Each structure stands twice: as C-alpha cells, then as structure tokens.
Amino acid sequence: MIEQSPAVEQTYVQAGPGESAILARFGVEASALLGSGGEARIFALDDERVLRVQAPSDTPPDRELAELLDSWAGQDLGFGLPRVLSQARLGSQNYGIERRLPGVPLARWLADTTDAARRRTGLLSLLDAAGRLRELPLLRTGFGRVLGDPRRYGSLPELLAAQMAVGVGHSAGLLAQVVPGLDDRVSRLLARLDDRVVTPAFCHADLAPANVMVDADGRVTAVLDFSVHALAADPVLDQVGAVAFLEMTPYPGNLADAAWLQRELIGRLGGDAWLVDAYRRFYALYYAMDHQLIPWCAEQLLASEVEPEGGR
C-alpha cells in the first residue's frame, strides 16, 4: 500500500455577486474558468492573459503587489513570474488582467504521474526553483513582511516570533490543546535561531505545489501567488517549504516523495541541515491558522528536536 497523507479539505472561492458582470465586460464565459483558490477565481482571456476575479472584500485593488511584480520584470530565474497588467473594481469585487503563465499546476502533475522516479526528477526542479527565489530584489531593507505591513524587525527571530504569534493566535487555541508546553516550544525554537546570521532575502513562504506550474516533464515553468505570506527572511525557508507543503498535498506517494526530497535538501545544506527541523516548526506554528492543518502542525512540534552541529 502506498503511503499518503490524509486528505486536507481545500477552500475554494465561489462566484461572487459581481462575477457575471465582470465576465461580461470581457466577453468571457464561466466555462473559461482555469482554477479557483482561497482568494480568487482565474479565467482564460486568451493565450497571453488571464482574468483574476477576487473574492468580495472591502479593500481596494492591491497596488502594492502590482508594484512588486513590476519591479521583477527584468529578472530571469529560469521560470516565469506573474505580472499585473491592469486592475479595477466592480461593486464589492476586485479584478485584474494578468500575464498568463505556461504549464500545469504541480499539484495536478504529481497526482497524474504514477512513476515515482519521474516525479522525483520534477521535484528536484522544485527544490532548485525554491533556492532561486532568494534572487528576487526587495523593495524595502531589513527583516519583515514583503507585502501588507511596512514594519521592520531588528532580527530574524523577532520577525519569526511575530509571524508565529499570528498563526497560533488564529488557531483559536486548537494547537495548544494538542501540543503540551506550546509556549516553551516556541521559546526554544527562537533560541535555536538566535545565532543564525543571514541577510534578509525574498521568501515566498507559501511554496505549495498548487502555486507552482510545471511542464510535461515536471520542470518548473512558473511560480504563482505571491501574497501577504511572503517575507524578507532566511531564504532556506522556501527550500524547507518545498518539502513541507509536499506533505500537505494529498496524492499517492506524497509522504515518500517528501522524505526523499528532504534527504536531498539535507545533503545540499550540509552544516545548516538543522534548519530543516527548525523551519518545519516555524511553518507548523504559522500555518496553524489553517485549522485543517492542525494535525500536521502538531506532528512537527511534537517530534524530537534537531540541534545545530556542535550544539549551542
């Protein structure tokens, strides 16, 4: 029997009250829907463009994100990045025209690819892409969120502490119910990271297979969904995320694939391999905001801790 993680119920945006009018503006049929995530529904306009229709909200179009993506226009990471071409609002819904990026979602490709060796060739491309995201320039210096919050933090642990507090707070006490001594575990994690010397670099921090596009061979063609999760932090975060989010993506063999990919990452990190354990715990605390992930989060936090080589 092939080992597979329990299914995680996905949240998909449903059509909002203004969607039909937005589609009519562009002569787009509802059947042009390419996909739906937690925040928007994406429709094909043509071979070069897509229409992103956001869920109803009280906020105006995200000009900050558009500015960030514009600043990356000349960057060549070996794969595509989103680009906002225009933005507008109709009633309670924001919408925008974006560049259409090539490939199919990695999550779909993994589910459709039954050959484990072929999947793992594709997963190496994912790990390579995760390592290259650090090359994206930041619009502000220092540790902090990339979007939605201009505050800067004096150190990496200060930023991570703030992020973890957000996640634990939104867990509504559920994480504390299943993880004894939660506050002590957080304190120990921050102490382990206190001596980590790193220059703030771009971190996607949500590098789930649903946010990565690949070609027929599993090679990364684009990375999507840059959001408020993104940080100016330690770029190793995205490499660890490539493994962690794989475990949360249900398909036959995902846990074996994730274990294999983690061994590959540990080999690449050498003396910094302890960061895999540390940042898995960070993701567990931050993404405890998603109550469907509480079992996975608890598993990471209850595992034995891996110390840096030579201890502290």
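The values are calculated or read from the model by the stated rules, or taken from the named source; none is laboratory data. Remember, predicted model here, so these are calculated numbers, not experimental data. Ideal geometry is used to build each Cβ from the backbone, glycine not excepted, and the neighbour counts take in all protein chains shown.
Which one is farthest from G16 (Cα to Cα), of the residues in the range 87-121 that are in contact with a Phe, Trp or Tyr (Cβ under 7 Å, 6 or more places away or on another chain) and part of a helix (DSSP H, G or I)?
So in the range 87-121, the residues in contact with a Phe, Trp or Tyr (Cβ under 7 Å, 6 or more places away or on another chain) come out as 88, 110-111, 120.
Those still in the list that are part of a helix (DSSP H, G or I) too: 110-111, 120.
On the way: L110: 30, A111: 29, R120: 39 Å.
Top of the filtered list is R120.
Given the criteria touching a strand residue (DSSP E or B) at 6+ places or on another chain (Cβ under 9 Å), of a type in the set (G, A, S) and under 24 Å from D215 (Cβ atoms), does G74 qualify?
Working: touching a strand residue (DSSP E or B) at 6+ places or on another chain (Cβ under 9 Å): no; of a type in the set (G, A, S): yes; under 24 Å from D215 (Cβ atoms): yes.
No.
With within 29 Å of W109 (Cβ to Cβ) and crowded, with 16+ Cβ neighbours inside 10 Å as the only criterion, which of L269, L265 stands out?
Checking each option against the conditions leaves just L265.
Keeping to the range 125-154, report how many residues are part of a helix (DSSP H, G or I) and surrounded by 15 or more Cβ atoms within 10 Å (Cβ to Cβ).
10
Which ones in the range 23-49 are more than 13 Å from D225 (Cβ to Cβ) and part of a loop (DSSP other than H, G, I, E, B)?
Answer for the range 23-49, where residues must be more than 13 Å from D225 (Cβ to Cβ) and part of a loop (DSSP other than H, G, I, E, B): F26, G27, V28, E29, L45, D46, D47, E48.
Of the residues D215, D225, only one is modelled with pLDDT of 95 or more, surrounded by fewer than 19 Cβ atoms within 10 Å (Cβ to Cβ) and under 21 Å from the mean Cα position of the chain (by Cα); which?
D215
Condition (residue is out of contact with any strand residue (DSSP E or B) (no Cβ under 9 Å at 6 or more places or on another chain) and without any contact (Cβ under 8 Å) to a residue 40 or more places away in the chain) applied to the range 213-236: is it met by at least one residue?
No - not one qualifying residue is present in the range 213-236.
Looking at L175, is it in a helix (DSSP H, G or I) and surrounded by 15 or more Cβ atoms within 10 Å (Cβ to Cβ)?
yes
Only one of (1) modelled with pLDDT of 95 or more; (2) touching a helix residue (DSSP H, G or I) at 6+ places or on another chain (Cβ under 7 Å); (3) not in a strand (DSSP E or B) fails for V8. Which number is that?
(1)
Keeping to the range 38-51, report how many residues are farther than 18 Å from S92 by Cα and under 24 Å from the mean Cα position of the chain (by Cα).
Here the count works out to 4.
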